[in-house]
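*Asks:* Below is one structure. I have some questions about it.
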Amino acid sequence: MSAAPAVSDRSTPRWRAWLLLAPMVAWLTLFVVVPTAILIVYSFCERDEVGRVLFTFTLENYHRVLDPVYLWIFARSIGYAGLTTVICIAVGYPVAYCIGRAREEWRQRLLLLVMVPFWTSFLIRTYAWITILKQEGLLNGLLHQLSPTASPLDLLYTPTAVVIGLVYAYLPFMILPIYGSVEKLDGSLIEAAHDLGAGPLRVFSAVIIPLTLPGIAAGTLLVFVPAVGMFAITDLMGGARVPLIGNVIQNQFMQARDWPFGAALGAVFMALFAVTYWVMLKFGAGEEETPA
């Protein structure tokens, strides 16, 4: 007699949990699973002479992806994204650490300063950097005031400008995850390391870095993957002189009207994201097993 209500009590929370998850599952299905499936289907299709998609199975699009030109663009995109990630770690880690170890009343204010750029449109911020870096811009104007005989720097529409734009765009995505790890850092472990005779560098490398590694891994994933596919910054600040894989995919859909080949490039890009995510998981798992 008492068993039936027990089963009912256990099943009721289960149904409630599914109801709570239903909006998220529906969102993922409509905006992730279905578009991904469409992308993969298109990647195996053909295009006729007038640009229409023919739903016939072919691997020609993936053969074109293996062309040395596109492989070099992939390699260059990975290089730019990797450099952006390294710079974001070098710049963002000290900032995140200072915010995470600051006094409680200052943390929210400092985090607000990190989030302030998001209050402005991404395009407006990018055009602001164009105004700063161009030959008649603020940077060269300041240098001219300091040294009237110095020649203006030619930074705009160069790889340097692209890296500056990428770092500026994705630096907050590195700071915030690292801040979350630093905030949870147990100060007693740092004090114990000092009491055991470890110097500042030893404490930083053997205690602080391993304990904040999850934040570094999360920030690396949040910076590296979108930086590989970014096309707006390379168009605006690079002057389309430094095409990355995002620019190629955009051109295939918007200008060349070769949707199957663009879909194949997008599928390879998703595979690159999956490999990056797998490497980060393995790297995190290896770091967790090392202390044991």
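*Asks:* Of the residues in segment 45-62, how many are more than 28 Å from the chain's Cα centre (by Cα) and not in a loop (DSSP other than H, G, I, E, B)?
*Replies:* 5
*Asks:* Can I ask one more? Being touching a residue at least 24 places away in the same chain (Cβ under 8 Å) and surrounded by fewer than 17 Cβ atoms within 10 Å (Cβ to Cβ) is the filter here, so list the residues in segment 262-279 that pass it.
*Replies:* Met270, Phe273, Tyr277
*Asks:* Turning to a different aspect of this structure: Can you spot a residue in segment 98-109 that is over 30 Å from Ser151 (Cβ atoms), surrounded by 15 or more Cβ atoms within 10 Å (Cβ to Cβ), touching a helix residue (DSSP H, G or I) at 6+ places or on another chain (Cβ under 8 Å) and modelled with pLDDT of 90 or more?
*Replies:* Yes, there is a match, as at least one residue in segment 98-109 is over 30 Å from Ser151 (Cβ atoms), surrounded by 15 or more Cβ atoms within 10 Å (Cβ to Cβ), touching a helix residue (DSSP H, G or I) at 6+ places or on another chain (Cβ under 8 Å) and modelled with pLDDT of 90 or more.
One line per residue, one yes/no per condition, for (1) modelled with pLDDT under 85; (2) among the polar types (S, T, N, Q); (3) surrounded by 14 or more Cβ atoms within 10 Å (Cβ to Cβ); (4) within 22 Å of Ile87 (Cβ to Cβ):
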position	(1), (2), (3), (4)
Ile132	no, no, yes, yes
Gln135	yes, yes, no, no
Gln145	yes, yes, no, no
Leu153	yes, no, yes, yes
Thr158	no, yes, yes, yes
Ala161	no, no, yes, yes
Ile164	no, no, yes, yes
Tyr170	no, no, yes, yes
Phe173	no, no, yes, yes
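*Asks:* Then there's this: Go through segment 216-266 and report how many residues are aliphatic (A, V, I, L, M) and farther than 30 Å from Leu185 by Cα.
*Replies:* Within segment 216-266, residues that are aliphatic (A, V, I, L, M) and farther than 30 Å from Leu185 by Cα number 17.
*Asks:* Oh, and also: Going by what's in this entry, would Leu166 be described as closer than 21 Å to Val223 by Cα and within 16 Å of the chain's Cα centre (by Cα)?
*Replies:* In short, yes.
*Asks:* Let me ask another. Here are the criteria: (1) among the polar types (S, T, N, Q); (2) modelled with pLDDT of 90 or more; (3) more than 22 Å from the chain's Cα centre (by Cα). Tell me which single one Ser77 does not satisfy.
*Replies:* Among (1) among the polar types (S, T, N, Q); (2) modelled with pLDDT of 90 or more; (3) more than 22 Å from the chain's Cα centre (by Cα), the lone unmet condition for Ser77 is (3).
*Asks:* Shifting gears a bit: So Ala193 clears everything in (1) assigned to a helix (DSSP H, G or I); (2) more than 18 Å from the chain's Cα centre (by Cα); (3) modelled with pLDDT under 85; (4) surrounded by fewer than 18 Cβ atoms within 10 Å (Cβ to Cβ) except one condition, right? Which one?
*Replies:* (4)
*Asks:* Follow-up. Would it be correct to say that Ala102 is in a helix (DSSP H, G or I) and among the small types (Gly, Ala, Ser)?
*Replies:* Judged against the criteria, Ala102 is not a match.
*Asks:* Return the pairs, sorted by first residue and then second, in which the second residue is among the polar types (S, T, N, Q) and part of a helix (DSSP H, G or I), the first residue lies in segment 26-48 and is free of Cβ contacts under 8 Å to residues at least 24 places away in the same chain and surrounded by 12 or more Cβ atoms within 10 Å (Cβ to Cβ), the beta carbons are less than 9 Å apart, and the residues are 6+ apart or on different chains.
*Replies:* Hits for this filter: zero, empty list.
*Asks:* Go over the candidates Ile78, Ile87, Ile124 one by one and state the one that is in a helix (DSSP H, G or I), loosely packed, with under 11 Cβ neighbours inside 10 Å and of a type in the set (A, V, I, L, M, F, W, C). Walk me through it before giving the result.
*Replies:* Numbers: Ile78 fails: loosely packed, with under 11 Cβ neighbours inside 10 Å; Ile87 fails: loosely packed, with under 11 Cβ neighbours inside 10 Å.
Only one candidate qualifies: Ile124.
*Asks:* Pull out all pairs, ordered by first then second residue, where Cβ-Cβ is under 9 Å, the residues are six or more apart or on different chains, the first lies in segment 100-124 and is over 22 Å from Thr212 (Cα atoms) and free of Cβ contacts under 8 Å to residues at least 60 places away in the same chain, and the second is among the charged types (D, E, K, R) and surrounded by 10 or more Cβ atoms within 10 Å (Cβ to Cβ).
*Replies:* Pro117/Arg125
The values are calculated or read from the model by the stated rules, or taken from the named source; none is laboratory data. Bear in mind the structure is a predicted one, so any value in this text is a computation, not a measurement. All Cβ positions, even for glycine, are placed from backbone atoms using ideal geometry, and neighbour counts span all protein chains on display.
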